[in-house]
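Before anything else, here's the structure in question.
The values are calculated or read from the model by the stated rules, or taken from the named source; none is laboratory data. Values in this document were obtained by computation on a predicted structure and should not be read as measured data. Reconstructed Cβ throughout: ideal geometry from the backbone, glycine too, with neighbour counts over all protein chains shown.
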Amino acid sequence: MTAVSMDAIQMPRPAGRPVTFENTVGLFTPAQGVITRAAVLFISPWGLEELCVHKAWRELADSLADAGMASLRYDHPGTGDALDLSEPSGLEPFTTTALAAARCLRDLTGLERLVVVTQGFGSLSVPDLLKANAPSLRFAGVALLAPVTSGRRYLRELSLWAKVVDEGLGLPPGSGGPGTSIAGLVMEDSVAAAVRSADPKAFKPAGSTRFFIAERPQSDADGALAVQLQTEGADVTRVVFDGYSDLVSNPTIAETPVAVFKALTSWILGLDASELEKGAGPGAPSSGVLDGGSFIECPMRFGAGDRLFGVLCTPADAIPVGTALLLGTGYDRQSGWARSTVETARMLAASGIASFRFDAAGIADSPPVPEGDRQVLYSPGQISDVRAALDRIEAIGLPNPVFVGRCSGAYLAFKAALADPRCRGVIAINILTFAWDPRDDVDQMIRYNPRSLDDYKRRALRMETAYRLISGKIDVPRAAGNILKIVARRVSRTAAPVLGSLSVEARLRNGVHRAFRQLRERHVPVSLVYSEGDIGLARLTQHFGRDGQLLARYPNVSRILLANADHNVTPPKARRELREHIRDTILAIVSGTCKAS
């Protein structure tokens with residue numbers, strides 16, 4: 001037998017080390033090596049933009065660590081894994097949290113001079129941060145990526161962006177939430193008012209402050225801000241933010257702006273040596289917990305080499321009766337689209353149900369597996385991540401794990417339930433398919449998101465659809481291609497009885513029914529939840545008949561429809577109904593009243 005050198009085995013990179021402060025969660029990425037060359041504080045954008053950049057910033061943090069630079073990224077108050085704002089008061093809580101993050105990073109590294117990297121909304125905290133004059137806290141440089149140059153303009157752009165998102169989801173304008181909102185994420189009124197009155201151009205930094213500005217293509221305002229800072233005597237490095245639109249358009253297909261990040265890294269390394277101290281750092285404190293009153297949340301790393309990141313949410317004053325394993329969707333971070341997973345976890349805790357939400361490898365805050373699949377969605381490799389999460393909650397002693405997921409997360413829940421007998425139940429929301437069709441391409445599927453034929457019919461009757469068709473805003477060839485594909489599938493299903501086992505349709509259907517029989521024999525309850533008109537209903541029909549009549553063979557399976565909901569379940573009312581269904585289903589499973597025979 002040939003011995004294998006440990007050097008030849010590529011070990012997984014650990015996830016960021018979680019820390020808690022000021023009612024939020026931060027992830028600290030230490031420098032690789034003995035010496036820490038710099039400490040970088042990330043201040044994130046807000047809303048859908050934050051969801052889009054999250055994975056890219058983890059990649060940047062890992063890249064900085066390889067170059068000898070430690071970093072800390074964290075969630076703004078009321079966003080991501082942070083606790084909600086208890087007393088909203090404009091932008092003050094955001095500045096307070098940024099200062100607390102800076103102190104935390106200083107304590108973690110032993111460095112007093114920090115570099116700040118911001119994008120979008122995050123840039124609004126910079127003036128107050130630099131003027132704070134906190135003891136033993138100084139800033140060597142500030143990077144402004146696509147900064148907010150006018151609060152009013154930012155809110156107008158956010159409103160237009162929200163309309164585009166609603167249209168893309170097939171929702172009427174404003175469905176995502178009241179007031180200032182986008183994709184189900186709502187900006188509190190006092191925060192929006194403070195943003196509206198913000199004028200970053202009035203900021204006059206000290207002449208010694210060094211800036212890096214990534215200017216959006218065709219944005220005169222970004223360039224004007226750079227010129228103004230130079231006029232004030234600041235040292236400003238300017239680059240074009242190539243790839244900005246590809247980064248912030250959609251979290252599922254967001255592309256990392258490699259060239260900009262390389263330029264940013266070089267700029268940080270190029271800061272005067274006298275401006276950047278060197279120190280090994282005292283090491284990080286324990287992660288701590290967040291106390292939400294009715295719930296306690298503990299961020300943690302788990303899996304081999306601490307390769308995965310997740311958040312455990314438990315009832316504050318009760319022993320859990322069951323546990324929801326909340327599986328992520330697409331490339332969204334584990335807090336969920338419209339922060340829905342956080343909302344669900346905390347509501348479940350108030351009902352005596354624990355939960356564990358986490359990022360699978362290669363998604364958001366969990367680094368990829370070395371030599372793993374490039375496209376991790378719908379990959380069998382994700383089942384090992386579910387097993388690692390099950391091992392963790394089993395070690396803690398949490399009972400009765402029920403798998404919950406939407407879209408690709410629902411597919412993972414279904415497949416993991418088949419693979420691991422510890423599963424007590426499955427709640428699959430808008431599951432696209434139960435068995436991957438070899439005729440489908442994952443990359444194309446997630447990029448262009450085909451709709452059901454009924455949805456295309458409804459859209460065809462809308463006046464605004466006619467306007468968009470005339471104005472050239474609809475990709476007619478792609479829409480036609482999707483419709484033809486749906487029709488071809490229907491023809492294929494019709495021909496399947498003649499072709500028998502030779503047809504792809506028949507082989508897929510037989511495999512799906514074998515899987516459902518396995519869960520029936522193990523008495524595993526399965527709740528199928530669909531938004532009305534969801535594309536997944538077409539696949540359900542493909543395997544179980546037009547009205548799902550063949551589901552009658554499986555008494556452990558139930559099905560419900562969500563009215564006025566999109567595939568992502570964005571509208572607040574639909575999200576609330578879904579949370580309640582998840583809670584009631586888990587309580588029924590653990591009490592034995594849910595049908596499972």
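Using beta carbons and a limit of 6 Å, which pairs, at least six apart or on different chains, have the first residue in the range 94-118 and in the same structural domain as PRO45 (by TED's automatic domain parsing) and the second one charged (D, E, K, R) and in a strand (DSSP E or B)?
GLU112/ARG138; ARG113/ARG138
Let me ask another. So, in the range 162-189, how many residues would count as being surrounded by 18 or more Cβ atoms within 10 Å (Cβ to Cβ), in contact with a strand residue (DSSP E or B) (Cβ under 9 Å, 6 or more places away or on another chain) and more than 17 Å from PRO251 (Cβ to Cβ)?
3
Taking ARG339 as meeting all but one of (1) of a type outside the set (A, V, I, L, M, F, W, C); (2) part of a strand (DSSP E or B); (3) at positive phi, write down the number of the exception.
Result: ARG339 passes all but (2).
Looking at ALA140, ALA132, ALA192, can you tell me which residue is at pLDDT 95 or above and among the aliphatic types (A, V, I, L, M)?
ALA192
Of ALA565, ALA574, which residue is within 18 Å of ALA410 (Cα to Cα), in contact with a strand residue (DSSP E or B) (Cβ under 9 Å, 6 or more places away or on another chain) and part of a helix (DSSP H, G or I)?
ALA574
Consider ALA146 carefully, then state whether it is within 23 Å of the chain's Cα centre (by Cα), of a type in the set (A, V, I, L, M, F, W, C) and over 28 Å from ALA100 (Cα atoms).
It is false that ALA146 is within 23 Å of the chain's Cα centre (by Cα), of a type in the set (A, V, I, L, M, F, W, C) and over 28 Å from ALA100 (Cα atoms).
Moving on to the next point. Does the range 103-117 contain any residue that is closer than 19 Å to ALA364 by Cα, assigned to a strand (DSSP E or B) and in contact with a strand residue (DSSP E or B) (Cβ under 7 Å, 6 or more places away or on another chain)?
Yes; the residues of the range 103-117 include at least one that is closer than 19 Å to ALA364 by Cα, assigned to a strand (DSSP E or B) and in contact with a strand residue (DSSP E or B) (Cβ under 7 Å, 6 or more places away or on another chain).
Name the strands (runs of 3 or more DSSP E) wholly within the range 1-94 that hold at least 1 residues that are farther than 21 Å from SER340 by Cβ and among the basic types (Lys, Arg)?
Of the strands (runs of 3 or more DSSP E) lying wholly inside the range 1-94, those with at least 1 residues that are farther than 21 Å from SER340 by Cβ and among the basic types (Lys, Arg) span 17-21, 69-74.
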